[in-house]
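Participant: Sending over a structure as structure tokens; questions will come in a sec.
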């Protein structure tokens, strides 16, 4: 039987939540908002692919894992839709940005087959454990001082991604036994994700005023670009003094060692023999689950024990 738990925290998201909810790290605030616009489309894609895969799953344990996985992802989509709706209430033209993200995943689902969909999901899900470990290990630099109505939504989502870290690969490997198929699709997968993310950021730049964004939106880029730019900025021969008055880079306060370790584990997560069960895990995820199990209000930083 699966050990995944479907949780439904009552996040207090409404239209009073500011677009720039994290003034201490405004690049992360915008990045997280983009994640919110991408998440419902991606998670609906996960649910559709998982349901399509169900009739082909012959192992009851894998079927139970797939069912719990898609139910967790459905809750994530619900919460991010509420956040996106709150932002659209303030900037109505963002409805078009959300619709375009959905359309890109709908088009992908129609264009490709089930093997590709499961590889796409497994490729991305495999990167989440090292990425979110880095964020949890440095959570103060990402969340402290921000609006906890939004911040705790992301903490919950990221913690559950750690919990179901093996689910997508279990299903993908059950349906597609070829151990190298997932790796062969990786370049196309990453290109599609970057295209969706860049489209969302372009929508923000078009529809959200600069004063609401709290940072020049042209400076915010997709995840791969943010990481590569940050690592380049730390190379001694390329390092240059920061612009006076410029907001901090999203990853500026993260130790170089943490970024290097994350990069290594993201890369190795794509190898055919990767086993998420062996991945280094953030201790703080267990603290979050313990707080939830004890009945703490995890929709506040105090309850989530930030």
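Rule-based calculations on the coordinates, nothing more; no lab input. All values derive from a computational prediction rather than experimental measurement. Note that we place each Cβ from the backbone using ideal geometry, even for glycine, and neighbour counts take in every protein chain shown.
Participant: For Cα pairs less than 8 Å apart in space and 6+ apart in sequence, what is the mean separation divided by the residue count of region 93-211, i.e. the relative contact order in percent? It would help to have the intermediate numbers written out before the result.
Facilitator: Values: 58 pairs, mean separation 60.0, N = 119.
Normalised by residue count, the contact order of region 93-211 is 50 percent.
Participant: Still on this structure, I have one more. Need the full-extension length gain, residue 219 to residue 253, defined as separation in residues times 0.36 nm minus the C-alpha distance. One decimal, nm. Mind showing how you got there, number by number?
Facilitator: Values: separation 34, 0.36 × 34 = 12.24 nm, distance 1.71 nm.
Length gained between residue 219 and residue 253: 10.5 nm.
Participant: FRET efficiency for residue 302 and residue 205, Cβ-Cβ distance as r, R0 = 45 Å, nearest 0.05?
Facilitator: Result of the calculation: an efficiency of 0.85.
Participant: With everything on Cα atoms, drop me the angle between helix 94-111 and the longest principal axis of the chain, reported from 0 to 90° to the nearest 10.
Facilitator: 30 degrees
Participant: In degrees, nearest 10, range 0 to 90: what is the angle between the Cα axis of helix 148-163 and the longest Cα principal axis of the chain?
Facilitator: Tilt of helix 148-163: around 30 degrees.
Participant: So, one more: Just from the alpha-carbon atoms, what are the Rg and Dmax of region 26-304 in angstroms?
Facilitator: Cα only, region 26-304: 18.7, 60 Å (Rg, Dmax).
Participant: Viscosity 0.890 mPa s, temperature 25 °C: Stokes-Einstein D of region 78-214 from its Kirkwood Cα radius, in µm² per second? Kindly include the intermediate steps, with their values, before the conclusion.
Facilitator: Details: Rh = 17.0 Å.
Approximately 144 µm²/s, per Stokes-Einstein.
Participant: May I ask you to compute the full-extension gain from residue 99 to residue 287, defined as 0.36 nm times their residue separation minus their alpha-carbon distance, rounded to one decimal in nm? Please list the in-between numbers first.
Facilitator: Working: separation 188, 0.36 × 188 = 67.68 nm, distance 3.62 nm.
Working it through step by step, the gained length comes to 64.1 nm.
Participant: Per DSSP H run of at least 4 residues, take -39500 (n - 2.57); add these up for the chain, divide by its residues and hand me the 222 nm value, nearest 500 deg cm²/dmol.
Facilitator: Numbers: 14 runs with 200 residues, N = 306.
So the calculated ellipticity at 222 nm is -21000 deg cm²/dmol.
Participant: While we're looking at this one, here's another question. To make sure I understand, if each residue's beta carbon is the centre and we count other beta carbons within 10 Å, what order do 104, 54, 250, 134 fall in, fewest to most?
Facilitator: On the way: 104 20, 54 14, 250 27, 134 23.
Ascending Cβ contact count within 10 Å gives the list 54, 104, 134, 250.
Participant: Kindly express, to the nearest 10 degrees and within the range 0 to 90, the angle between helix 256-268's C-alpha long axis and the longest C-alpha principal axis of the chain.
Facilitator: So the inclination is approximately 30 degrees.
Participant: Name the most mobile residue of 18, 60, 280, meaning the one with the largest mean-square fluctuation, in a Gaussian network model of the chain with Cα contacts below 10 Å.
Facilitator: With Cα springs under 10 Å in the chain, the top fluctuation among 18, 60, 280 is at 60.
Participant: Could I ask something else about it? Full-extension gain between residue 235 and residue 260, please, as 0.36 nm times their residue separation minus the C-alpha to C-alpha distance.
Facilitator: Working: separation 25, 0.36 × 25 = 9.00 nm, distance 1.25 nm.
Gain in length upon complete extension: 7.7 nm.
Participant: Under 13 Å from a point placed 7 Å out from the Cα of residue 277 along the Cα-to-Cβ direction: which residues of region 39-81 have their backbone N that close?
Facilitator: Correct set: 62.
Participant: Here's a follow-up. Hey, for a label at residue 144 modelled as a point 7 Å past Cα toward Cβ, could you say which residues of region 17-50 have their backbone N under 19 Å away?
Facilitator: Under cut-off, by backbone N: 21-29.
Participant: Can you give me the relative contact order of region 26-304 as a percent, contacts being Cα pairs under 8 Å and 6 or more apart? Before the final figure, lay out each step's value.
Facilitator: Values: 284 pairs, mean separation 83.4, N = 279.
Once normalised by length, the contact order is 30 percent.
Participant: Taking springs between alpha-carbon atoms closer than 10 angstrom, which of 270, 185, 22 fluctuates most in the Gaussian network model of the chain?
Facilitator: Evaluated over the chain, the most mobile residue of the options is 185.
Participant: Please state the equivalent ellipsoid semi-axes for region 34-136: what are the square roots of 5 times the Cα gyration tensor eigenvalues, largest first, in whole Å? Intermediate values should be presented prior to the final figure.
Facilitator: Values: eigenvalues 133, 56, 33 Å².
With the √(5λ) rule applied to region 34-136, the semi-axes are 26, 17, 13 Å.
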